[in-house]
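Colleague: Pasting a structure here, questions to come.
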Amino acid sequence: MKKLSLIFVFAVLTTISGAQVSSIGTLSTSSQITFHDRANMNTPRSLISCAASADNIYVCSGMTNVAGVTSEIERYNIATNSWSTFANSTFSKRYTSSEIVGNKLYLFNGSLINGTVISYNDKMEVIDLSTGTITFSTNNPNPVEQSGSAVWNNKIYVFGGANGTINSNRLLSFDTSTQTWTELASMPEAKTTKGEIINGKLYVIGGYNGVNSTRIDVYDILTNTWTFVMNMPQGISAHATTYCDSKIWIVGDYTNLTSIAYYDVVKNEFSSVENNMIARRHAGAAVANGKLYVVGGNTTSYMSSTLSSLQISVDNISAMDENRADQLKLHYDPVSSILNISGLTQNSTLTILDVSGRILKNKSIAMTQTDVSNLKKGIYIVAIEDKYERTTLKFIKN
């Protein structure tokens with residue numbers, strides 16, 4: 001099995017036999033991620049949030065297949081592969097956010113349903129992980145549902161979400177030491193979304209505001225500024241995120257229910273990963289002891305489609321061996337006007353374009369050479385595609 005990886009890199013020119021060649025983006029192959037099933041939750045649930053400690057995974061609130069919204073917090077014991085009811089939060093709600101700081105589980109945001117009336121939770125519940133005791137901290141000044149959240153230096157960063165039909169672009173931090181909220185620089189895009197913090201930078205990935213967002217944006221906590229990173233190959237929403245080392249894992253999608261991808265913040269690479277995950281959206285995801293856990297979710301808009309499933313990656317994702325195939329390389333011979341191509345696979349298609357995107361040559365290739373004598377001097381883009389890969393390179397004809 002192979003994985004398609006879309007790698008975004010800035011073009012860096014190098015000289016090869018009188019020609020300048022640079023990679024401006026590649027698709028490469030790698031191993032897939034495989035899951036196996038663990039013990040099911042006691043109750044099928046979707047529209048959940050989850051948070052993980054070293055020993056346990058906590059699944060909070062959400063929608064069940066029978067009772068609608070729930071207040072239950074289930075705890076999964078990793079060592080014993082067993083579920084138990086840990087606590088019941090004060091309110092039944094869905095689309096919540098939850099984070100663990102120290103020995104406390106913070107539960108906030110989400111929508112409350114009373115008959116046909118929907119309201120939005122402004123309470124910050126603080127649950128002691130030793131006793132299950134619930135106390136309240138300072139109210140949230142921006143109550144929404146489907147917000148993203150992440151933790152850095154004992155502060156919880158809360159971003160995006162929706163209040164009815166109004167999408168939010170607000171970013172706030174909650175200081176667990178002083179129990180105070182602070183408004184920070186607004187996101188570039190108002191939407192429901194998810195994201196993670198790595199090395200003091202918050203990466204917001206995809207989301208929904210009437211359309212599925214393709215954006216990855218990064219917020220620098222130190223400078224209180226946002227920067228656009230890249231557009232993903234397609235929009236992603238109704239997803240969960242978690243991280244391990246330098247990779248942010250993106251699990252599920254509203255339409256592509258088996259979607260798993262990761263964004264490597266160090267390499268600036270986005271990769272879609274083949275997998276055997278049970279199809280799901282609005283699920284929970286967490287990393288514990290190097291393994292990726294995926295829990296709950298649903299497959300349709302009906303409550304009956306909610307899942308009790310918990311799956312765990314077979315391999316330790318922190319040591320995941322990408323084994324990238326050798327990238328295709330170009331070697332232009334200015335004497336013969338031949339473009340030599342190494343690293344080809346079977347049934348490849350070659351397309352040569354000018355810098356304006358106009359196609360000059362498009363053909364199937366099995367040979368490692370193609371004649372470019374009819375091309376004028378200038379810069380050209382070469383796209384080579386087979387069943388698994390699309391690699392885009394650039395060369396300059398002198």
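Colleague: For residues that are in contact with a helix residue (DSSP H, G or I) (Cβ under 9 Å, 6 or more places away or on another chain) and of a type in the set (Phe, Trp, Tyr), scanning just the range 208-267, find the one that is nearest to residue 149 (Cα to Cα).
Modeller: 249
Colleague: Among all residue pairs at least 6 apart or on different chains, which show Cβ distances below 9 Å where the first residue, located in the range 164-182, is surrounded by 14 or more Cβ atoms within 10 Å (Cβ to Cβ) and the second is among the charged types (D, E, K, R) and part of a loop (DSSP other than H, G, I, E, B)?
Modeller: Note: pairs meeting the criteria are 167/189; 167/191; 168/191; 169/189; 169/191.
Colleague: Quick check, is residue 272 closer than 17 Å to residue 231 by Cα and in the same structural domain as residue 232 (by TED's automatic domain parsing)? Write out each step before concluding.
Modeller: Numbers: closer than 17 Å to residue 231 by Cα: yes; in the same structural domain as residue 232 (by TED's automatic domain parsing): yes.
Considered against the rule, which asks whether it is closer than 17 Å to residue 231 by Cα and in the same structural domain as residue 232 (by TED's automatic domain parsing), residue 272 comes out as yes.
Colleague: Among the residues of the range 148-174, count how many are in contact with a Ser or Thr (Cβ under 7 Å, 6 or more places away or on another chain) and farther than 17 Å from residue 210 by Cβ.
Modeller: 12
Colleague: Which residue pairs have Cβ atoms closer than 7 Å, lie 6 or more positions apart in sequence or on different chains, and pair a first residue in the range 199-227 that is closer than 16 Å to residue 248 by Cβ with a second residue that is acidic (Asp, Glu) and not in a strand (DSSP E or B)?
Modeller: Note: pairs meeting the criteria are 213/189; 215/189.
Colleague: Within the range 242-295, which residues are touching a His at 6+ places or on another chain (Cβ under 7 Å) and over 18 Å from residue 316 (Cβ atoms)?
Modeller: Residues satisfying the conditions are 250, 252, 253.
Colleague: Take the conditions free of Cβ contacts under 8 Å to residues at least 24 places away in the same chain, among the aliphatic types (A, V, I, L, M) and touching a strand residue (DSSP E or B) at 6+ places or on another chain (Cβ under 7 Å) and apply them to residue 126. Does it pass?
Modeller: yes
Colleague: Would you please name the residue that is farthest from residue 298 (Cα to Cα), looking only at residues in the range 252-267 that are in a strand (DSSP E or B) and out of contact with any Ser or Thr (no Cβ under 6 Å at 6 or more places or on another chain)? Spell out the reasoning first.
Modeller: Quick first cut of the range 252-267, residues in a strand (DSSP E or B) only: 260-264.
If we keep only those that are out of contact with any Ser or Thr (no Cβ under 6 Å at 6 or more places or on another chain) too, we end up with 260, 263.
On the way: 260: 16, 263: 24 Å.
Only one residue tops the list, namely 263.
Colleague: Within the range 53-63, can you find the residues that are under 21 Å from the mean Cα position of the chain (by Cα) and either modelled with pLDDT of 95 or more or not assigned by TED's automatic domain parsing to the domain that holds residue 74 (or both)?
Modeller: Result: 57, 58, 59, 60, 62.
Colleague: Going through the range 298-316 one residue at a time, which ones are in contact (Cβ under 8 Å) with a residue 12 or more places away in the chain and in a loop (DSSP other than H, G, I, E, B)?
Modeller: Within the range 298-316, 299, 306, 308, 309, 314, 315, 316 qualify.
Colleague: Let me ask something else. Only one of these conditions is not met by residue 249: (1) at pLDDT 95 or above; (2) not in a strand (DSSP E or B). Which number is it?
Modeller: (2)
Colleague: I would also like to ask the following. Failed condition for residue 118, given (1) in contact with an Asp or Glu (Cβ under 8 Å, 6 or more places away or on another chain); (2) more than 19 Å from residue 219 (Cβ to Cβ), with all others met?
Modeller: If we test residue 118 against (1) in contact with an Asp or Glu (Cβ under 8 Å, 6 or more places away or on another chain); (2) more than 19 Å from residue 219 (Cβ to Cβ), just (1) comes out false.
The values are calculated or read from the model by the stated rules, or taken from the named source; none is laboratory data. From a predicted model like this one, the values you see are computed outputs, not experimental measurements. A quick note on method: Cβ atoms are made from the backbone with ideal geometry, for glycine too, and the neighbour counts reach across all protein chains shown.
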